[in-house]
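Just below is one structure, and these are the notes that go with it.
Throughout, read-outs are computed from the coordinates displayed, never taken from laboratory work. Only a predicted model underlies this, so the values are computations on that prediction, with no experimental measurement involved. Quick reminder, even Gly has a Cβ in these numbers, built from the backbone with ideal geometry, and neighbours come from all protein chains shown.
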Amino acid sequence: METNYILKEECSRIIGACYEVHNQLGHGFLETVYQEALYWELIDRKIPFQKEKRLNVFYKERQLQKFYIADFVCYDQIILEIKAVEGLCDDHIAQVLNYLKAIKMRLGLLINFGTARVQVKRVIL
């Protein structure tokens with residue numbers, strides 16, 4: 001049975017870039033190290049993105065003065081939230097879901113570089 005994922009090819013390219021960063025650096029660095037390495041890997045792979053993009057937050061159709069700064073927004077449609085922790089938990093997934101709701105986007109990738117193997121979660125609203 002094949003599952004049709006939204007933006008499947010785009011997600012695959014982003015995840016491939018994340019795997020390459022982890023293959024090169026391993027685990028144990030701070031999140032900022034992975035963020036900078038991923039910046040260069042996305043450029044090398046010609047994946048369109050914006051780093052630390054400021055995104056408006058909405059409450060009951062009202063734009064709030066507060067905003068969210070995404071680690072990356074790729075293809076203008078995918079929030080890429082990176083972590084460097086011992087393991088992902090429900091709170092991390094809830095964080096991405098809340099971001100998606102607040103900024104009115106549908107898809108997020110949650111990537112954890114802090115373990116022996118990269119952890120990847122697709123978060124769909």
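Quick notes
- Using the alpha carbons alone, the radius of gyration of the stretch 47-94 stands to its Kirkwood radius in an Rg to Rh ratio of 1.04.
- Helix-derived mean residue ellipticity, 222 nm - over the chain, DSSP H n ≥ 4, -39500 (n - 2.57), to 500: -12000 deg cm²/dmol
- Loop-located trypsin sites (Lys or Arg not before Pro) in the stretch 41-87 whose Cβ has at most 16 other Cβ within 10 Å (DSSP): R45, K46, K60
- Listing L64, L88, L109, L25 from fewest to most neighbouring C-beta atoms within 10 Å gives L64, L25, L88, L109.
- Listed residues W40, L88, G108: farthest to the positive end of the dipole of the chain (Cβ charges): G108
- Neighbour counts of other Cβ atoms within 10 Å put I93, I82, I6 in the fewest-to-most order I6, I93, I82.
- Pairs exceeding a 25 Å alpha-carbon distance, out of K46/K66; K60/K83; K53/K101: K46/K66; K60/K83.
- Net charge over other residues, Cβ less than 14 angstrom from the Cβ of C89 (K, R count +1; D, E count -1): -2
- Here the residues I111, I15, ranked from fewest to most Cβ neighbours within 10 Å of their Cβ, fall in the order I15, I111.
- Among the GluC sites (Glu not before Pro) within the stretch 29-125, those in coil by DSSP and having at most 11 neighbouring Cβ atoms inside 10 Å are E61, E86.
- Extension reserve of the K51-F29 stretch, reckoned as 0.36 nm per residue once the Cα distance is removed: 6.0 nm
- Dimensions (Å) - the chain, Cα atoms, principal axes, largest first: 43, 37, 29
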